[in-house]
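The values are calculated or read from the model by the stated rules, or taken from the named source; none is laboratory data. Just so you know, these numbers come straight off a predicted model, no measurement behind them. FYI the Cβ positions are ideal-geometry reconstructions off the backbone, even for glycines, and counts take in every protein chain you see.
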Ligand code: GCO
């Protein structure tokens, strides 16, 4: 049963939906190192900014941290077996920089590389394509102590690290994602301090963002030099902004929210400049841009990773618009929300994919994250967890992707966020995004009904395509 009436395709059957996807479309799921691995003090791993941030009182809900998380570091075989059972064709994970280079640069920790090497081999042995994200927010603490993303040098350290990983994992990785959601790393981490490293300085966010983009651009040729056929991309988060009415101030504020939330990182990558007026509207100065930076940042890539969970509905306020969602109408009358609480609006994903195709001519698109947090409850005995709202969410978003595909968007794969319930950053373990439930007291995994739904959908897809 669908709870959203925003997507027209709801009424077509699951088989027809599956059939509407092209051959070789990848059905996957995604995770990130700090959110699932645990083992933060094992096998030579260095500390990251998330270890420090989580250990700071008051930063994380309930004082949670990633020390144990979903214990994936130790349960990796079991977790890959679950992926196999689900029938996943791809798995997006992230590599913890400080496992590879405990102080961010210099001596390589062989045990760290070994862990990901084994993971990649195990995936390939099960026919699951590995997609590796090199940076999902866990900057080595030693680099932070030298200034972190506020320092240009960190971008060069990142490119060295990327090369080391590529040397080892080489052409076994199907897709390389340099950075995950630079917007979050920069703005949430440096601008408003709700994520590590907890700095509250909006000007610093602009600087950090520029150096993250630079890091991406420097890493792309280094990856290609190691792996000539590498498929390289970056993942951005998007919250499409819609106007709540047609008043000029609403349209103006919607455009501003769009520039801030969606274009800040997209435009430098694809157009070689920051959105016009972005920094002015934020009442901030541009970052320190050196000659040639945009040429580096615009290094051609093979795909764009798209993370999308919700939209924002903007109403032009009488108060000056601050580009921080402060004019978002909430709640939207009649809308459904996830636990985050984010409005469920699948049409935003369709519109977004079409926009990236039509306006930015992105060569290929992967939806590298899409999913929902709900308050899932396991009774401690059953062999599944009922999560009908997550099933509806996934169905509706898959339908939205099908529509974008039909209208020409070059979408090559879909990764559900997330495989496992995990450490949801400042929210700690209170928000469950998994299609697999994790009972944190025993580390037992229980495939939720949404996991079973996804699995049967993937089976239907293969049946439709083998005919
Ligand atoms: C994100 C992160 C994930 C989050 C997810 C839900 O990229 O924001 O990649 O780590 O857990 O988005 O908030």
Only one of (1) surrounded by 21 or more Cβ atoms within 10 Å (Cβ to Cβ); (2) outside any helix (DSSP H, G or I); (3) within 16 Å of the ligand (Cβ to nearest atom) is not met by residue 216, so which one is it?
(2)
Selection within the range 372-386 - surrounded by 21 or more Cβ atoms within 10 Å (Cβ to Cβ) and away from the ligand (no atom under 16 Å from the Cβ):
385
Would you check if there is a residue in the range 17-35 being more than 16 Å from the ligand (Cβ to nearest atom), closer than 27 Å to residue 161 by Cβ and in a strand (DSSP E or B)?
yes
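Residue-wise test of (1) more than 25 Å from residue 424 (Cβ to Cβ); (2) within 16 Å of the ligand (Cβ to nearest atom); (3) part of a loop (DSSP other than H, G, I, E, B); (4) at pLDDT below 90.
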| site | (1), (2), (3), (4) |
| --- | --- |
| 301 | yes, no, yes, no |
| 307 | no, yes, no, no |
| 319 | yes, no, yes, yes |
| 348 | no, yes, no, no |
| 352 | no, yes, no, no |
| 399 | yes, no, no, no |
| 403 | yes, no, no, no |
From the list 204, 257, pick out the single residue that is surrounded by 23 or more Cβ atoms within 10 Å (Cβ to Cβ), assigned to a helix (DSSP H, G or I) and in contact (Cβ under 8 Å) with a residue 24 or more places away in the chain.
257
Given (1) surrounded by fewer than 24 Cβ atoms within 10 Å (Cβ to Cβ); (2) assigned to a helix (DSSP H, G or I); (3) touching a strand residue (DSSP E or B) at 6+ places or on another chain (Cβ under 9 Å), number of the condition residue 158 does not satisfy:
(1)
For the range 283-304, pairs from a residue that is within 19 Å of residue 263 (Cβ to Cβ) to a residue that is at pLDDT 95 or above and part of a loop (DSSP other than H, G, I, E, B), with Cβ under 6 Å and 6 or more apart or across chains, are 294/272; 298/272; 303/364; 304/362
Residue selected from the range 231-246 under the condition within 18 Å of residue 302 (Cα to Cα) and touching a strand residue (DSSP E or B) at 6+ places or on another chain (Cβ under 6 Å), by the criterion nearest to the ligand (Cβ to nearest atom)
237
Within the range 166-176, how many residues turn out to be out of contact with any helix residue (DSSP H, G or I) (no Cβ under 6 Å at 6 or more places or on another chain) and either at pLDDT below 95 or within 21 Å of residue 102 (Cα to Cα) (or both)?
2
